[in-house]
Each structure stands twice: as C-alpha cells, then as structure tokens.
Amino acid sequence: MFGFKKKSGAKNPAESSESATLAERLKRTRTGLFGGLFSRNKTVIDNATLEELEDRLILADIGMKTTDQIIQLLKAESKKNSTENPLEQLKQVLLPALKQVEKALTIPDIPNKPYLILVVGVNGVGKTTTIGKLAKRLQSEGKSVMLAAGDTFRAAAIEQLQVWGERNAIKVIAQSHGSDSGAVIFDGLKSARANNIDVLIADTAGRLHNKDNLMDEMKKIHRIGNKFDADLQSEVLLVLDAGTGQNALIQAKQFNEIIGVDGIVLTKLDGTAKGGIVFSLAEELNIPIRFIGVGEQVEDLRPFNAAEFIDALLVAES
Ligand SMILES: Nc1nc2c(ncn2[C@@H]2O[C@H](COP(=O)(O)OP(=O)(O)OP(=O)(O)O)[C@@H](O)[C@H]2O)c(=O)[nH]1
Ligand SMILES: [Mg+2]
C-alpha cells in the first residue's frame, strides 16, 4: 500500500504490480469506448460503426462537443480512401487533440528557491496521494523536496501527510487543525528558502462548507506566494478524478477561472470507464496534463504521454 489513508485498496496484487502496462490499467475505458468495434482486417469505417462509436463516446461522458469533433474528423479521414486500418485512422484523429496538452512538469533551475507546487482540487480526488507520489518522483530526479500541510480543515489530513513524510524522510511543515492554511504555506516557503530546498509542494483543503468558501480560500492561498516573494515561481496543479466524468471538466473550469490552473493531474484512470474525459479536457481547456494516476502505488503516477495513452486505448482486443 502506498501509505496514505486506505479508503479503497488495490484490487488485486497483479493489478498493482509495477509491470502492469498502461493498456491493462485503461482496460475499462478502452472496452467501453472501442471494445469489439474495430478489427485489424477491416479497411473502412462504415456508418454503422460510426454511429455505434458516437453512442459510446457520449455514454462515456466525453461530451457532445468533443464527440461531434471526433466523429466529423473520422468521417473526413475515412473518405480519404486511405489504406490504413481503422485503428490507425482513429489514432490520426485522436492524437493531435491530446498531443497539445502533453507538456511535462519541469522544475526550472532558479536562484529564488523554492519552486512552489500548489496542489488543489475538490475533496477526495487524490490530492494528498498525488503529493506523495510526486515528492518521491522529484526526489528521484535529484530535487530536494519539502511539503506543507495546507489542508488544515480536516485534522486527519495533516496527520496523513506527517506520517507519510516521516516514513519517507521528507520534512512536512504543519500547524494545528483549524489554523490558517495560507499561514502554513507561508511558513513552508520560509523554511524551504532557509534550507535551500528546490521544491515546496503544498496540500490544500478540498472540503470546505461550500464551493464559495473553497474558492475564497483558494484565492487567499494563491496570493500567499506573491506575498512571500513577488518573483516566486510556481505551478498550480489541479487534481481531477477521472471517474467523475463531466464533473471533472466543470471543476477544471471553476478552478481555472478563480486561480488559473497551470497543469492537471488526472487520477484513478485505472478504476473507471470514463477515462475519455481526457479528450474533453484537452479540447475545451487546453491546459497541460502533467500526470495521470493509474493506481495507488508511487510508480502509478505517470507523466502524460499522448501517443502512449492513445496506443493503450486502441490495443486490439484478441
Ligand atoms: N485506484 C486509484 N486510486 C487512487 C488514485 N489516486 C488516488 N487514489 C485513492 O483515492 C483516495 C483518495 O485520495 P486522497 O489523496 O486522500 O484524496 P484527497 O484529494 O487528498 O482527499 P481530501 O483530502 O479528502 O480532499 C485514496 O484511497 C487514494 O489511494 C489512482 O490513481 N488510482
Ligand atoms: Mg487530502
């Protein structure tokens, strides 16, 4: 187990092994979208197939707008009288949309450390888990990392981060439950600067009394970085649960309007048939997708690679 609270366990040992391919993890999304629809020996995409695909895209919560675009592009592609098989044609259509959001998170080499990664998102999407995975990843890339327990709303959230930090020898800056979240992050920035730490990753609350409270809190927190240092470089990283489908898109729009989102982490792609939301996010928002979460282990946070993702979705079922 990863070591954070255990709301849901890994389904079985085989599924959580390091060797699990992306295609295995995306099986539910793949089957829902394309299962049984295309075969390698088909040479044209006929109308019946297009209609079935359209239904499935809508059912998978991809949204009308993106579905229409995919279908229109596919019609155009199939009219080109190409000799390519349908899976290849589909790839030609799907890849460009995702390619535009394939932009890795890079930590710039800056004199005014730390680089702040502010992790935001509504309750339960996987923020704290993602922070743990990301901290490990950055460490393995040679960066020094510190965490700030900015979710002061939920007592267990502070403890969750502290326990994880202790276990992994990563310093966690925390105050007591109910204290000001901005103050915790400010403290974290101070401590990280004093210790010449490369990256400070800050957790934030996902559960407040209501959405307006949450957004007000986000605005406040977002100003903290500037208050600390007007030249502070930072990334607002929004975590979204792929399983929530179009709700994830709505959340992304809201957070983006309120504080501006630099990158997205799309989690829980392993347990959902709604992974197609990635196409909606790409089409409608064009915000970089930094990572995808395909399980609960550290190695299950993977940089988003558009070609790999499409290939995993289009693996022909035997
Ligand atoms: N299967 C799977 N589970 C995940 C993934 N990412 C997170 N989880 C699980 O989702 C649950 C919630 O994760 P948290 O990290 O606590 O979510 P959070 O956003 O911090 O939640 P709050 O602090 O309550 O707002 C945990 O059980 C995680 O193990 C993923 O990519 N795949
Ligand atoms: Mg949390």
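Across the stretch 117-148, the qualifying residues are those that are more than 14 Å from Arg167 (Cα to Cα), charged (D, E, K, R) and away from ligand 1 (no atom under 13 Å from the Cβ), and the one among them that is surrounded by the most Cβ atoms within 10 Å (Cβ to Cβ) is Arg137.
A Cβ distance below 6 Å, combined with a sequence gap of six or more or placement on separate chains, defines the contacts here; from the stretch 102-123, residues that are touching a residue at least 12 places away in the same chain (Cβ under 8 Å) and over 11 Å from Ile264 (Cα atoms) reach residues that are within 16 Å of ligand 2 (Cβ to nearest atom) and not in a strand (DSSP E or B) in the pairs Val122/Gly206; Val122/Gln251; Asn123/Gly206; Asn123/Arg207. Each residue in the stretch 116-150 was checked for being in a loop (DSSP other than H, G, I, E, B) and closer than 29 Å to Gly245 by Cβ, and 7 of them qualify.
Is it the case, given these coordinates, that Asn168 is under 24 Å from the mean Cα position of the chain (by Cα) and away from ligand 2 (no atom under 16 Å from the Cβ)? In short, yes. Against the test of being over 24 Å from the mean Cα position of the chain (by Cα), within 24 Å of Gly124 (Cβ to Cβ) and surrounded by fewer than 20 Cβ atoms within 10 Å (Cβ to Cβ), the options Ser176, Ser191 yield a single qualifying residue, Ser176.
Give the stretch 219-261 a look and list any residue that's among the acidic types (Asp, Glu) and within 24 Å of Ala192 (Cβ to Cβ), or say none. The answer is Asp229, Asp231, Glu235. One residue stands out among those in the stretch 285-307 that are buried (at least 18 other Cβ atoms within 10 Å of the Cβ) and away from ligand 1 (no atom under 16 Å from the Cβ): the one that is farthest from Gly263 (Cα to Cα), which is Ala306. Residue count for the stretch 168-197 satisfying the condition of being closer than 19 Å to Met218 by Cα, touching a helix residue (DSSP H, G or I) at 6+ places or on another chain (Cβ under 7 Å) and not β-branched (Val, Ile, Thr): 7. Just one of the numbered conditions (1) within 16 Å of ligand 2 (Cβ to nearest atom); (2) more than 26 Å from Gln297 (Cα to Cα); (3) modelled with pLDDT of 95 or more is not true of Ala202: (2).
Of all residues in the stretch 167-192, exactly one satisfies the criterion of being in a helix (DSSP H, G or I) and within 15 Å of Lys143 (Cβ to Cβ), namely Ala192. Selection within the stretch 206-239: residues that are among the aliphatic types (A, V, I, L, M), within 16 Å of ligand 1 (Cβ to nearest atom) and closer than 21 Å to Arg290 by Cα. The member of this set that is modelled with the lowest pLDDT is Met218. When Pro114 is tested against (1) at pLDDT below 95; (2) more than 27 Å from Gln251 (Cα to Cα); (3) buried (at least 21 other Cβ atoms within 10 Å of the Cβ), exactly one condition is not met: (1).
Residue-wise test of (1) part of a loop (DSSP other than H, G, I, E, B); (2) closer than 16 Å to Gln92 by Cα; (3) among the hydrophobic types (A, V, I, L, M, F, W, C).
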residue: Leu281; (1), (2), (3): no, no, yes
residue: Glu284; (1), (2), (3): no, no, no
residue: Ile292; (1), (2), (3): no, no, yes
residue: Glu299; (1), (2), (3): no, no, no
residue: Arg302; (1), (2), (3): no, no, no
residue: Glu308; (1), (2), (3): no, yes, no
residue: Asp311; (1), (2), (3): no, yes, no
residue: Val315; (1), (2), (3): yes, yes, yes
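The condition of being more than 27 Å from Gly243 (Cβ to Cβ) and basic (Lys, Arg) holds for only one of Lys99, Lys65, Lys113, that being Lys113.
Which of the residues that make up the stretch 77-111 are exposed (fewer than 15 other Cβ atoms within 10 Å of the Cβ) and small (Gly, Ala, Ser)? Within the stretch 77-111, Ser82, Ala104 qualify.
With respect to being in a loop (DSSP other than H, G, I, E, B) and surrounded by fewer than 19 Cβ atoms within 10 Å (Cβ to Cβ), Gly260 fits the description.
Could you list all residues from the stretch 127-157 that are within 16 Å of ligand 2 (Cβ to nearest atom), farther than 16 Å from Ala192 by Cβ and under 22 Å from the mean Cα position of the chain (by Cα)? Listed by number, the residues that qualify are Lys127, Thr128, Thr129, Thr130, Gly132, Lys133, Asp151, Ala157. Summed over the stretch 199-250, residues that are part of a loop (DSSP other than H, G, I, E, B) and within 26 Å of Phe279 (Cα to Cα) total 2. Pro108 falls short on exactly one of the conditions (1) assigned to a strand (DSSP E or B); (2) away from ligand 1 (no atom under 16 Å from the Cβ), and that condition is (1).
The values are calculated or read from the model by the stated rules, or taken from the named source; none is laboratory data. From a predicted model like this one, the values you see are computed outputs, not experimental measurements. Virtual Cβ from ideal backbone geometry, glycine too; neighbours counted across all protein chains shown.
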